[in-house]
Amino acid sequence: MQLPTIFSALIASLCLALTSCEPKPDVEYVPIVFEIPMTVSPLRDTIAVGDTLWLTASFPDSIMERTTQMRYRVTPQDFDFKTGFSLRQFVDAKLYFIDQPGFTTGFTVINKVGSATITSQRFGRLFPTYGNGHYRMRIGLVARQKGVACLSIQDGAKSLGVYEPEPNILFLNLSASATGHPRQPTYATTHYTINEGKTNFHLFQQHCTPIPITNPTEDNMYYEQKDTYTFVVK
């Protein structure tokens, strides 16, 4: 009399086992590359000792992301961009950017909006203000020494030579992939586009060896052509 009940229980157990053994959907990991606009002025390739180069930023917290081509709201509570900068003096056209000597001692910093701090002969940090949904910054660099200079705005977490744990950006809510798989964001880098790409790159090529010549990746080309600003101090 109990056979139907036992049989039903076996069927239920078998279904449960089969369900638990179904493969879980593959997660698609999406490299997140933020793009932030910056302005360096005056936009010319030569300045004089005593002139001031102004680094300005004013952008909403709706940040463009390159991989997904979407904008996402990113506040300081969500994510610390750890924006860094590097100043190099181009002394040998055969050297790569990373091999050129530091040049922070050739400039004096003026903090108008936000702040900048020099951390070494090569590097510094940038700290924009945040309010009413906008990031803002206006920093002056007063030239004190002659030479061919290159300013690079960088992902500080990756450029300052200090180990830091991988940033958590799971606050970004990515939609499922075209195949229905869940997508999980993983932080790759942040690019700071200077003057919409008008960066005096012709000077960079004259006085420094571009990395894309030997390693022409998209990131390398973007970094040296859009994230740097080269100028002559006379």
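The values are calculated or read from the model by the stated rules, or taken from the named source; none is laboratory data. All of these numbers come straight from a predicted model, not from anything done at the bench. Cβ atoms come from the backbone with ideal geometry, glycine included; neighbour counts cover every protein chain shown.
Quick check, is Ile6 part of a strand (DSSP E or B) and either modelled with pLDDT under 95 or among the β-branched types (Val, Ile, Thr) (or both)? Considered against the rule, which asks whether it is part of a strand (DSSP E or B) and either modelled with pLDDT under 95 or among the β-branched types (Val, Ile, Thr) (or both), Ile6 comes out as no. Of all residues in region 137-160, those satisfying the criterion of being crowded, with 16+ Cβ neighbours inside 10 Å, under 20 Å from Ile63 (Cα atoms) and either free of Cβ contacts under 8 Å to residues at least 12 places away in the same chain or not polar (S, T, N, Q) (or both) are Met137, Arg138, Ile153, Asp155, Gly156, Ala157.
Taking the criterion of being surrounded by 12 or more Cβ atoms within 10 Å (Cβ to Cβ), assigned to a loop (DSSP other than H, G, I, E, B) and hydrophobic (A, V, I, L, M, F, W, C), the residues of region 171-192 that qualify are Phe171, Leu172, Leu174.
In region 53-67, of all residues being under 15 Å from the mean Cα position of the chain (by Cα) and of a type in the set (Val, Ile, Thr), the one that is surrounded by the fewest Cβ atoms within 10 Å (Cβ to Cβ) corresponds to Thr67. Against the test of being surrounded by 18 or more Cβ atoms within 10 Å (Cβ to Cβ) and at pLDDT 95 or above, the options Gly84, Gly114 yield a single qualifying residue, Gly114.
Kindly provide the set of residues from region 63-81 that are among the β-branched types (Val, Ile, Thr) and more than 16 Å from Pro185 (Cα to Cα), ordered by number. Outline the logic, then answer.
Of region 63-81, the ones among the β-branched types (Val, Ile, Thr) are 63, 67-68, 74-75.
If the condition is that a residue be among the β-branched types (Val, Ile, Thr) and more than 16 Å from Pro185 (Cα to Cα), then Thr75 is the only one that fits.
Within 18 Å of Pro167 (Cα to Cα), modelled with pLDDT of 95 or more and assigned to a strand (DSSP E or B): does that describe Met64? Answer is yes for this residue.
Looking at region 80-115 only, could you name the residues that are among the hydrophobic types (A, V, I, L, M, F, W, C) and in contact (Cβ under 8 Å) with a residue 60 or more places away in the chain? Don't jump to the end; show me each part of the working.
Pass one, region 80-115, residues among the hydrophobic types (A, V, I, L, M, F, W, C): 81, 85, 87, 90-91, 93, 95, 97-98, 103, 107, 109-110, 113.
Passing the criteria: Phe81, Phe85, Leu87, Phe90, Ala93, Leu95, Phe97.
When region 77-89 is filtered for residues that are outside any strand (DSSP E or B), of a type outside the set (A, V, I, L, M, F, W, C) and under 15 Å from the mean Cα position of the chain (by Cα), the ones remaining, listed by number, are Asp80, Lys82.
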